[in-house]
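Peer 1: Pasting in a structure now, in structure tokens, and then I'll have a few things to ask.
The values are calculated or read from the model by the stated rules, or taken from the named source; none is laboratory data. In this text, all values refer to a predicted model and were calculated from it rather than measured experimentally. As a convention, Cβ positions derive from the backbone with ideal geometry for all residues, glycine included, and neighbour counts pool all protein chains shown.
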Amino acid sequence: MESQLLKGLRSSRALGIFVFVAVLLSGFSFYYLRLGADLTASLLPGHATDASAQPTKSTPPLDRSHLRETVRYFEDYPFTTPFREKFGDAGARTRIVKDWLVRSEETEDAEEKAVLAEAVEQAIVAIYPFLQNPPSNPASETPLADLRSSFESGSAGIVITTGDATLRYSSHLIVSLRSVLNSTLPIQIVYAGDRDLSANSRMRLARMVTAGPALEFIDMNTVFDNTTLHFHENHGGWAMKAFAVLGSRFERVMLIDADAVFLQPPEVFLEHPAFLRTGTLLFHDRLLWKGEFADRHSWWRSQIRHPSPALHSSLVWTEDYAEEGDSGVVVLDKSRVDVLMGLLHISWQNSFPVRESITYKITYGDKETWWFGLELAGATYEFEKHYGAIVGWEETDEEGRRKVCSFVIAHVDEKDQLLWYNGGLLKNKALEEMKNVYQVPQKWMVDAEWKKGIAKSDMSCMVGGEVHDLTPKELDTLAQAIEQAKKVDADLERPWRGAEVTAG
């Protein structure tokens, strides 16, 4: 009988503990949910919120106890390896901080504003530790506010990440933007120390600009603490791109890869309807390898539980194609809080421990981090309406069908006119024997079937669609760009003599 009594007591005690824990977790979940999306929205990873929502007169009073407990939770449970299942949680936490930030900026209560601003800073460095110890002010307790104050209101400009290894292509791009397309947008050249882009190379680049604003040079090691970023390590060139956007003084940032080729002035990107609607303009990759990356898709879906309308329109998401984004050009407006919060998530994905263990193992470089970070952080975002096109030369396949072949991916604007392509002005920069072979492409195609070359050095084709001719203006733009590129090549082959000026 005593044994039965003890068993009963143990069972009752176990049940009591279970109920207590359940109530505790429920209570935490309750206030955790209250603090999101103006203290009311769900925090499930991937849940889309209205990024334009602002606190109103009906906003409930700020629960400071819950605010403190949530900050403490973020600090007590930072993200550590393994990171694979942390991406969605990082997005959920970011949404909470975004709502605090919005509320802090909208409230007229000075005390509430100060309390929220402090919570934002404490929480954001707990989620994204790379913001801590900025070289310009290592002791700062407000690194996010400091960073935002460095953005020049209303400004817009181009950011190009480059190093000595890509000096030739970035030189081609800069001269084309200034001397062919006559762009007057300011350009920042971003690099990671002298080992990445030498002083000699910086001088060469600076002398190439003969019109418009002078180039600006930004060493990322002077903007962010490199302890958790390691830009000099493997894949640092890819990783630096997001941080270059984040650390730029420009509010509206146009990030361009060194090997991009433009057929329209970069200013038109800032007037693209998608960018004006959402503060973002992203570009699609090619539709390839349907159903062949099951683990990648399984991981995406495990982190995105409530896809946004933007994601529901993705063929990569709905039909399991392999790759969504071409990050050769990315346009973001950091004045929009939801976009800035998404950029923090993107940057975290490209920090050293995360990229080396997860991001760059599951996907290729930084390509997918842009839409993924915006999606998880609850930002509105928009892609171009077409998937990757091709610009190149016409051939005929074994069935007699017309096809367009080359080594690049092209993109069109909202009027279906060629906008830009990746891969550089060389016919095939991947082959050493073609390192000086230029050729103006003649045809382009979109919304048709890709036939991918086996290796990067192999030509790819698009077949089954309408073959379009490049317009005389497009042909002339590319011919001029190639002419200027050849002048750049000749200059780069000569010993540096300081006072010389390249193409003009």
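Conditions (1) hydrophobic (A, V, I, L, M, F, W, C); (2) surrounded by 23 or more Cβ atoms within 10 Å (Cβ to Cβ); (3) touching a helix residue (DSSP H, G or I) at 6+ places or on another chain (Cβ under 9 Å), marked per residue:
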residue	(1), (2), (3)
Glu108	no, no, no
Ala117	yes, no, yes
Ser155	no, no, no
His172	no, yes, yes
Leu181	yes, no, yes
Val190	yes, yes, yes
Arg202	no, no, no
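Peer 1: Within the stretch 437-462, which residues are outside any strand (DSSP E or B) and at pLDDT 95 or above?
Peer 2: Residues satisfying the conditions are Val437, Gln439, Val440, Pro441, Gln442, Val446, Asp447, Ala448.
Results for (1) under 20 Å from the mean Cα position of the chain (by Cα); (2) over 16 Å from Met254 (Cα atoms); (3) touching a residue at least 24 places away in the same chain (Cβ under 8 Å), shown as yes or no for each residue.
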{"residue": "Ser149", "(1), (2), (3)": "no, yes, no"}
{"residue": "His172", "(1), (2), (3)": "no, yes, yes"}
{"residue": "Gln188", "(1), (2), (3)": "yes, no, yes"}
{"residue": "Asn200", "(1), (2), (3)": "no, yes, yes"}
{"residue": "Met220", "(1), (2), (3)": "yes, yes, yes"}
{"residue": "Glu233", "(1), (2), (3)": "yes, yes, yes"}
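Peer 1: State all residues of the stretch 355-369 that are touching a helix residue (DSSP H, G or I) at 6+ places or on another chain (Cβ under 6 Å) and not in a loop (DSSP other than H, G, I, E, B); if no residue qualifies, say none.
Peer 2: Arg355, Thr359, Ile362, Thr369
Peer 1: Still on this structure, I have one more. Condition (residue is closer than 25 Å to His306 by Cβ, assigned to a helix (DSSP H, G or I) and at pLDDT 50 or above) applied to the stretch 51-68: is it met by at least one residue?
Peer 2: yes
Peer 1: Which condition breaks for Asp295 when tested against (1) buried (at least 16 other Cβ atoms within 10 Å of the Cβ); (2) out of contact with any Phe, Trp or Tyr (no Cβ under 6 Å at 6 or more places or on another chain); (3) of a type outside the set (Ser, Thr, Tyr)?
Peer 2: Of the numbered conditions (1) buried (at least 16 other Cβ atoms within 10 Å of the Cβ); (2) out of contact with any Phe, Trp or Tyr (no Cβ under 6 Å at 6 or more places or on another chain); (3) of a type outside the set (Ser, Thr, Tyr), the odd one out for Asp295 is (1).
Peer 1: Could you give every pair whose Cβ atoms fall below 8 Å, whose first residue belongs to the stretch 71-86 and is closer than 16 Å to Asn350 by Cβ, and whose second residue is assigned to a loop (DSSP other than H, G, I, E, B) and of a type outside the set (Lys, Arg), counting only separations of at least 6 or pairs across chains?
Peer 2: That search, which allows pairs on different chains as well, returns Lys86/Phe79.
Okay, residues lined up against (1) buried (at least 22 other Cβ atoms within 10 Å of the Cβ); (2) outside the structural domain of Thr280 (by TED's automatic domain parsing):
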site: Glu319; (1), (2): no, no
site: Ser335; (1), (2): no, no
site: Ile346; (1), (2): yes, no
site: Tyr360; (1), (2): no, no
site: Gly365; (1), (2): no, no
site: Phe407; (1), (2): yes, yes
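Peer 1: Does the stretch 268-279 contain at least one residue that is acidic (Asp, Glu) and loosely packed, with under 15 Cβ neighbours inside 10 Å?
Peer 2: The answer is yes; a qualifying residue exists.
Peer 1: Now a separate question. Tell me the helices (runs of 4 or more DSSP H) entirely within the stretch 240-314 that contain at least 3 residues that are within 27 Å of Asp89 (Cα to Cα) and not hydrophobic (A, V, I, L, M, F, W, C).
Peer 2: Output list reads 294-303.
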